[in-house]
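Below is one structure, written out as structure tokens; the observations come after it.
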Amino acid sequence: MHHLISMPRHFALGLVCAAVMSAGSAYAQNPSPEVARALSDSAQTTQLGKSAAQLRSADYIVAIVNSEPVTNNEVRARIQRVKENLQSQGIQQLPPEDELAQEVLERLIVEKIQVQTAKETGIKVDDYAVDQAIENIARQSGLTQQALAQEVARRGQSQASFREEIRNQMLLQRLQNREVDGRVQVSEHDIDQFMAQQRQKGGQDDVMRSQLNLGHILIAVPENASEAEVARLQARAQEALQAARTEADFAAVAQRYSDGGAAILGMRPANRYPSLFIESVASTPVGGIVGPVRSPAGFHILKVVDKSAGGVDAVVTQNLARHILLRTSPQLSEREAAQVLSELRQRVEGGASFADLARQYSEDGSAAMGGDLGWAGPGQFVPEFEQALNALEPGQVSQPVVSRFGVHLIQLVDRRQATLTPREQREMLRNVVREEKLEKAHANWLQELRGQAYVEYREPPQ
């Protein structure tokens, strides 16, 4: 089941830019003759889709990445989304505008390099995978797909552009999985060393206590809101708090009340959450709800969906699952694999044995065991697989689920609250250490990729 182990990354914008900026400007001044000729040729053809003159009439090019343009409008649109995301997390102190623009530009450059590399090496993401990713985004945000489309439009982005952005992010994920993830191994010594470092830093033997999954509802307060408006919004926050405490479906409550952001933020180290959130839920048990908590962004309702804790009382939610995996290929697209799995799902609903079908059809190492993946806690599967699994009740079978490994059909056999053994705690720590090592390996790989690319910066037209 190792192929399903989760490899989450939480790269801050500044971290990525710091890793790649040093490789940028100097190289761009001295492109190879081959690259220079390619750039010259592209300026005389329609390879860019639009000529520079056409783009400058409504916009202008700020950089060329291997003959592909980055426009000022792309940078401005991304800056706006970065600001909105930070504000939704209660973060109001932003970098100066020129610094933020430079960081966003560098991020877009690196993304374009990765997308180009992915396409050149034959990595593809078909429409079915994009459709499913958008469904997942809507579900995690507590929105219907129609409401998500309206939110995208409100931000000034077309649906076609939004879909292309999702497709590109999936291309990046698959490229990184192929090029980086296989490089990282975690030894028992690495885990011992990590635990020793944690003890030295804070005297904490219990590093698992910092792993949290929070539910979040935001009642946004405008920057210049009057006292009456603040009071009205605080009353709405109190109403949302009461609904969250009395209704079983937190995501449904978030859909009714929240002004943005995901309803369930996902299991992550505590330092990846705003400090205000961590302080607010410090003594809250799993299932507990706190709020309204005030930040510059507004009022927040927080639910402790799950937490992992070290020591003898470490308790987490574990799932016992089976799956059938079909790997995609030039002969089998994601949509075609999903159609096959949908037919198998119908057979299971008609009384067929999921385990027997897994033995017959699954292209995973678990096939011989009827697709059995064993008991698994938070963070042990890739996010898209884990999200689908967590949405099931025991006995239920998911719709086909696309991941970087192929397309899955998942059956939840059972769910339990379990006290972790010392060995299981070490395995959870293995995921934490692996994530740290992946971030470093990923940053190094990005720097290598950035150094191999031709990047030319352009001045704004006068």
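The values are calculated or read from the model by the stated rules, or taken from the named source; none is laboratory data. Since the structure is predicted, the reported quantities are computational estimates derived from the model, not experimental observations. Quick reminder, even Gly has a Cβ in these numbers, built from the backbone with ideal geometry, and neighbours come from all protein chains shown. Each accessible area value is taken on the protein alone, full model and side chains, heavy atoms only, with ligands, DNA and RNA left out. Shrake-Rupley method; radii C 1.70, N 1.55, O 1.52, S 1.80 Å.
Side notes on the structure shown:
- Any hit, the range 268-286, residues being part of a helix (DSSP H, G or I), open to solvent by 40 Å² or more (accessible area, probe 1.4 Å), at pLDDT below 80 and of a type outside the set (Ser, Thr, Tyr): yes
- Being within 29 Å of Ile191 (Cβ to Cβ) and outside any strand (DSSP E or B) is a description that applies to Ala441.
- Enumeration of residues in the range 116-131 that are open to solvent by less than 20 Å² (accessible area, probe 1.4 Å) and under 18 Å from the mean Cα position of the chain (by Cα): Val125, Ala129, Val130
- Any hit, the range 143-165, residues being in contact with a helix residue (DSSP H, G or I) (Cβ under 8 Å, 6 or more places away or on another chain), closer than 17 Å to Glu384 by Cα, of a type outside the set (A, V, I, L, M, F, W, C) and open to solvent by less than 60 Å² (accessible area, probe 1.4 Å): no
- Once the range 313-339 is narrowed to residues that are touching a Leu at 6+ places or on another chain (Cβ under 6 Å) and at pLDDT 90 or above, the residue that is farthest from Gly371 (Cα to Cα) is Ala337.
- Contacts under 7 angstrom Cβ, first residue in the range 236-255 being exposed (fewer than 14 other Cβ atoms within 10 Å of the Cβ), partner in a helix (DSSP H, G or I), 6 or more apart: Glu247/Val253
- Residue in the range 126-145 that is outside the structural domain of Tyr257 (by the TED database), closer than 24 Å to Ala443 by Cβ and either free of Cβ contacts under 8 Å to residues at least 12 places away in the same chain or assigned to a helix (DSSP H, G or I) (or both) present: no
Results for (1) at pLDDT below 90; (2) open to solvent by less than 20 Å² (accessible area, probe 1.4 Å); (3) not assigned by the TED database to the domain that holds Val221, shown as yes or no for each residue.
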| site | (1), (2), (3) |
| --- | --- |
| Thr45 | yes, no, yes |
| Ser51 | yes, no, yes |
| Arg56 | yes, no, yes |
| Asn66 | no, no, yes |
| Leu86 | yes, no, yes |
| Gln89 | yes, no, yes |
| Pro96 | yes, no, yes |
| Leu100 | yes, yes, yes |
| Glu103 | yes, no, yes |
